[in-house]
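The values are calculated or read from the model by the stated rules, or taken from the named source; none is laboratory data. These numbers were taken from a predicted model, which means no experiment stands behind them. FYI the Cβ positions are ideal-geometry reconstructions off the backbone, even for glycines, and counts take in every protein chain you see. SASA here: full protein model, heavy atoms, side chains in, ligands and nucleic acids out. Shrake-Rupley method; radii C 1.70, N 1.55, O 1.52, S 1.80 Å.
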Amino acid sequence: MSICSVPQFKLNNGKKVPAIGIGCWMGTVGDSHQVTEMVLNALRLGYRHIDTASNYGNERSVGQAIRESNVPRSELFLVTKLSSEDHGRPEEALQHSLDRLSVDYVDLYLMHWPQAFDAAHDRYCSPEESPTFIETWKMMEGLVETGKTRSIGVSNFSIKNLEILLKNARIVPVTNQVELHPCLPQHELLSYCSSRDILLTAYSPVGKHKFATNPTVLEIAQRKDASVAQVLLSWGVNRGTAIIPKSTHETHMNENLTLIALDNNDMQILDNVHHQPGMHHSVCGFHSSDLGGSCFGWTYDQLGWDMLEGGIMRS
Ligand SMILES: NC(=O)C1=CN([C@@H]2O[C@H](COP(=O)(O)OP(=O)(O)OC[C@H]3O[C@@H](n4cnc5c(N)ncnc54)[C@H](OP(=O)(O)O)[C@@H]3O)[C@@H](O)[C@H]2O)C=CC1
Ligand SMILES: O=C[C@H](O)[C@@H](O)[C@@H](O)[C@H](O)C(=O)O
């Protein structure tokens, strides 16, 4: 059974976001015709939520697709992100993003990672060093008043770092965007964010399509006459998370926009896939297992991530 219209989630500031967005991280940095074509197709198929970032290097291509689509700006939910090297200057960085996107405002501006990067010395700052993510967040709070972003949020924040942020924040982030799929279901983080009215947004929500052969997911897909991706994405939206799958293929984009009905039993089965041997892992590989695990200059302890067997992280 398919449910064609895209549901929306209400953010903690009253604004609404389409539950399904098109992800624009291509794995390589840079503007390209492929990105413009992908976003243009997505808009034609009905996507109204676009997720890009300054460090994807493709905001110009995304902006070009928006212009060519003729979709009114007011119908879009456009997201971009503050890069680690710009933590000390979010206002300037946002203006550069707006210029590249060729729009007057974004709907959501995310702190991409909690770590600041000191480009002059080619190193990540420690959590205590200025600009801390608290200092950066305070500067981001000021951006809402400028009207250049409608909402602000974070990405790659663990419960530990959200706790630190919330103690110091005037504005509660509307969302926390993290890696999330049945191999990394983020059960605790979801419950923490729900209790504070922070929407969790799932990145890599089809697990980069590495579940295609998992018998549990396949069984549900076959029974529902749906694709594996549809099962994973429907599970995501059903449990109250926004999803931003990336696809350059029209058939995949269409599939990803069409959710299926899952009952409580199916939901529970998918909630527990990560308990299967070898299934609890990240597909992004934002980790290294040296020195007990680190990611972009911070240890897992500083990030608030746990080590799993095999040196894999979860947050
Ligand atoms: N905040 C952050 O730090 C991060 C944010 N993100 C965001 O999340 C988005 C999505 O994450 P991403 O890592 O790309 O992973 P996804 O889980 O979205 O997987 C994308 C891959 O799955 C394939 N795919 C997508 N849909 C289908 C389908 N229906 N059937 C078969 N294959 C499919 C795509 O191939 P094909 O194109 O051939 O369809 C692509 O190779 C990113 O684009 C980015 O916007 C991602 C990583 C980190
Ligand atoms: O959103 C996708 C990812 O976070 C990606 O933007 C980063 O991992 C980036 O390659 C970086 O080096 O910081």
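Quick notes on this structure:
- Between Gly57, Gly23, Gly147, the residue with the greatest mean-square fluctuation in the GNM of the chain (Cα pairs under 10 Å linked by springs) is Gly147.
- The accessible surface of the stretch 110-181, taken with every protein chain in place and a 1.4 Å probe, is 54 percent carbon and sulfur.
- From its DSSP helices (H runs of at least four residues, each -39,500 (n - 2.57)), the chain gives a residue-normalised ellipticity at 222 nm of -10000 deg cm²/dmol.
- Order of exposure, largest accessible area first, which applies to Val6, Val217 with probe 1.4 Å: Val6, Val217
- Beta bridges by DSSP in the stretch 2-267, antiparallel share as percent, to the nearest 5: 25
- Checked against a 24 Å cut-off, the cross-linked pairs Lys16/Lys246; Lys160/Lys210; Lys148/Lys246; Lys10/Lys208; Lys138/Lys208 give Cα-Cα distances beyond that limit for Lys160/Lys210; Lys148/Lys246; Lys10/Lys208; Lys138/Lys208.
- Note on the chain: with a GNM built from Cα contacts shorter than 10 Å, the maximum mean-square fluctuation among Gln95, Gln222, Gln230 falls on Gln222.
- Spin-label proximity, Val29 to the stretch 107-148 - amide N less than 14 Å from point 7 Å beyond Cα toward beta carbon: 117-120, 122-124
- Per residue solvent-accessible surface (Å²) - the chain, probe of 1.4 Å: 43
- The length gained on full extension between Asp271 and His209, counted as 0.36 nm times the residue separation minus their Cα-Cα distance, comes to 20.6 nm.
- For the stretch 223-230, Karplus couplings with θ = phi - 60° (6.51, -1.76, 1.60), whole Hz, Gly/Pro x: 4, 8, 6, 10, 8, 4, 4, 5
- Semi-axes of the equivalent ellipsoid of the stretch 173-281 are 21, 16, 13 Å, computed as sqrt(5λ) over the eigenvalues of the C-alpha gyration tensor in descending order.
- Taking max minus min of the alpha-carbon positions on each principal axis, the chain gives extents of 53, 49, 34 Å, largest first.
- Antiparallel %, DSSP beta bridges [both residues in the stretch 92-224], to 5: 20
- With a 1.4 Å probe rolled over the protein heavy atoms of all chains, the accessible area of His187, His249, His49 falls in the order His249, His187, His49, largest first.
- In this simple spin-label model, placing a label point 7 Å from the Cα along the Cα-to-Cβ direction at both His249 and Tyr105 gives a separation of 3.8 nm.
- Here each label is just a point 7 Å from Cα along the line to Cβ, and for Val144 and Glu128 those points are 3.1 nm apart.
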